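Let me begin by presenting the structure, written as structure tokens, before commenting on it.
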Amino acid sequence: MRVSWEGPDGVVAELAGASGGQVALAYSAPMVLSRRWAVFLVGVGIWTWVIWPRFAVAIWQDPRSWASGTVADGAPTSFLWVHALLIGASLVIGTTVGVLGIRAWLVARRREAS
């Protein structure tokens, strides 16, 4: 079974049934970002790497991060672990957003050149 339709934006979508009864949706139009959005995404990625490492240093030096209350002495507390997880996740997300911005910038540049 194969069904096609045109969406309100003029993009054709296709619904195809595979032999095993599974249904796959294929959307034929790629997402297009403007150069401004690409620059914004790169800026968010850079901002993430400027802010979060400094925050990591502050958390490391906070007495609440250590069981003894002295920096880097004793076992790390849940305060440190929770903030380390938040910082790590933020850096991963920021890096991903920055890479997407760079890729969007390169595609926009290639599109303008041709």
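The residue pairs whose first member lies in the stretch 55-84 and is modelled with pLDDT under 95, whose second member is of a type in the set (Phe, Trp, Tyr) and in a strand (DSSP E or B), and whose beta carbons are closer than 6 Å, counting only pairs six or more residues apart or on different chains, are Asp73/Trp66; Gly74/Trp66.
In the set Ala16, Ala26, only one residue is more than 21 Å from the chain's Cα centre (by Cα), at pLDDT below 95 and surrounded by 12 or more Cβ atoms within 10 Å (Cβ to Cβ); that residue is Ala16. Scan the stretch 34-75 for residues that are open to solvent by 70 Å² or more (accessible area, probe 1.4 Å), touching a helix residue (DSSP H, G or I) at 6+ places or on another chain (Cβ under 8 Å) and polar (S, T, N, Q) and the total you get is 1.
For the stretch 91-99, indicate whether the set of residues that are closer than 20 Å to Arg64 by Cβ, open to solvent by less than 60 Å² (accessible area, probe 1.4 Å) and at pLDDT 95 or above is non-empty. Let's see the steps before the verdict.
So in the stretch 91-99, the residues closer than 20 Å to Arg64 by Cβ come out as none.
Checked the stretch 91-99: no residue is closer than 20 Å to Arg64 by Cβ, open to solvent by less than 60 Å² (accessible area, probe 1.4 Å) and at pLDDT 95 or above.
The values are calculated or read from the model by the stated rules, or taken from the named source; none is laboratory data. No experiment lies behind these values; they were computed from the predicted model shown. Virtual Cβ from ideal backbone geometry, glycine too; neighbours counted across all protein chains shown. The area values use the complete protein model at the heavy-atom level, side chains included, leaving out ligands, DNA and RNA. Shrake-Rupley method; radii C 1.70, N 1.55, O 1.52, S 1.80 Å.
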